[in-house]
Each structure stands twice: as C-alpha cells, then as structure tokens.
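Student: Here's a structure for you.
The values are calculated or read from the model by the stated rules, or taken from the named source; none is laboratory data. All values derive from a computational prediction rather than experimental measurement. Please note: Cβ atoms are built from the backbone with ideal geometry, for glycine as well, and neighbour counts cover all protein chains shown.
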Amino acid sequence: MARRTSIGFRLSESNDQMHLTETYKVRPDYGPRPAGKPDECFYCQRKVGDDHAEGCVMRKKAIVMRYSYEVTVLVPEDWDDHDAEFHRNESSSCADNTLDDLSKRLSVAVENSSPCWCGDFKAKYLRDAEPGDFQKFKLDPLS
C-alpha cells in the first residue's frame, strides 16, 4: 500500500522509495518534445492524459546524492591541511560560506567561457530520499 506525503510524493511502503507522482501523467508541458509528436511523450510514446510507461525517464523519484567539488581558496599562509579542514568543518565558519567559493569559481568559469567543471566535480549516490529530506530544508521537489 502507498501513502501520499504532504509534498506531492507517493511513498511506497514496499520499497520505501519516494516517487513524485506529479511526474506520472503525460501533459502537454511534460513529455512531448519539439522533435516529437505534440500529443505524446517523446520517450515512451504514451498519449497526453495517459500515465507515462513504467521505466520512462519522465517518471521521477527522489534520491540523496553527495556532490564534491575541487575549488581553489585562499587561507592564511601558515595553515596546514589540519587548519584548513578544521576551519571549514569544525570552527564557527558556517558551511554556507563555501557557496561563496563555488560562486567565485563559477564566475571565473563564465568569464573565461569555460563553464565545464567535469574535472573538478564528483557525484555519489547515497540512498533513496525520505520525506524528512525535503521537509528538513523546506524544499519544493517540483521547483
């Protein structure tokens, strides 16, 4: 049996995966693509108004991933690895400050017309999401 959460997910009790049920229906604005027919999903060929086929890439579930970026930052010249890690992980420096580092890196990339981060980025699947993952940060999964 499945139950709906307050944020538009169906939580399947059999496998505890959070499926975004709003992505199940083929809608004129969700499925058709300019390269395909205007009244059907480009990927599963189901008609507007029908459900996307199981396995269609348009049906979504929520997962938790860890993103890792390599960025160059400025620190006091006498800091070693312990000092730098302590400052970012255990001191009073808020983790939100790291967004400034990422923002600077992005600005430089855009300025130099080289926005590719492939060599500086890694993503790792951690687990399927739970309702609390969205509620904790008041995230809207549809945005």
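Student: Which ones in region 51-88 are closer than 30 Å to K37 by Cβ, at pLDDT 90 or above and among the hydrophobic types (A, V, I, L, M, F, W, C)?
Tutor: A53, C56, V57, M58, listed by residue number.
Student: Go through the residues of region 75-83 one by one and say whether even a single one is touching a helix residue (DSSP H, G or I) at 6+ places or on another chain (Cβ under 7 Å) and either without any contact (Cβ under 8 Å) to a residue 40 or more places away in the chain or surrounded by 13 or more Cβ atoms within 10 Å (Cβ to Cβ) (or both).
Tutor: Yes, region 75-83 contains at least one residue that is touching a helix residue (DSSP H, G or I) at 6+ places or on another chain (Cβ under 7 Å) and either without any contact (Cβ under 8 Å) to a residue 40 or more places away in the chain or surrounded by 13 or more Cβ atoms within 10 Å (Cβ to Cβ) (or both).
Student: Limited to region 97-135, what total is found for residues that are touching a residue at least 24 places away in the same chain (Cβ under 8 Å), among the hydrophobic types (A, V, I, L, M, F, W, C) and either under 19 Å from S68 (Cα atoms) or touching a His at 6+ places or on another chain (Cβ under 6 Å) (or both)?
Tutor: Count: 6.
Student: Can I ask one more? Report, by residue number, each residue of region 61-74 that is free of Cβ contacts under 8 Å to residues at least 60 places away in the same chain and within 30 Å of Y43 (Cα to Cα).
Tutor: Y67
Student: If you don't mind, there's one more thing I want to ask. Evaluate the following for D96: is it surrounded by 11 or more Cβ atoms within 10 Å (Cβ to Cβ), among the acidic types (D, E) and within 30 Å of H19 (Cα to Cα)?
Tutor: The answer is no for D96.
Student: All but one of (1) farther than 26 Å from A123 by Cα; (2) in contact with a helix residue (DSSP H, G or I) (Cβ under 8 Å, 6 or more places away or on another chain); (3) surrounded by 13 or more Cβ atoms within 10 Å (Cβ to Cβ); (4) without any contact (Cβ under 8 Å) to a residue 24 or more places away in the chain hold for P32, so report the exception by its number.
Tutor: (2)
Student: Residues in region 27-36: is at least one part of a strand (DSSP E or B), modelled with pLDDT of 80 or more and farther than 25 Å from F134 by Cβ?
Tutor: No, region 27-36 contains no residue that is part of a strand (DSSP E or B), modelled with pLDDT of 80 or more and farther than 25 Å from F134 by Cβ.
Student: What number of residues in region 51-72 are surrounded by 12 or more Cβ atoms within 10 Å (Cβ to Cβ), assigned to a strand (DSSP E or B) and out of contact with any helix residue (DSSP H, G or I) (no Cβ under 8 Å at 6 or more places or on another chain)?
Tutor: Final tally of qualifying residues: 3.
Student: Out of (1) at pLDDT 95 or above; (2) touching a helix residue (DSSP H, G or I) at 6+ places or on another chain (Cβ under 6 Å); (3) of a type in the set (V, I, T), what's the single condition that is false for V48?
Tutor: (2)
Student: Spot the failing condition for S92; the list is (1) touching a helix residue (DSSP H, G or I) at 6+ places or on another chain (Cβ under 8 Å); (2) in a loop (DSSP other than H, G, I, E, B), and only one is missed.
Tutor: (1)
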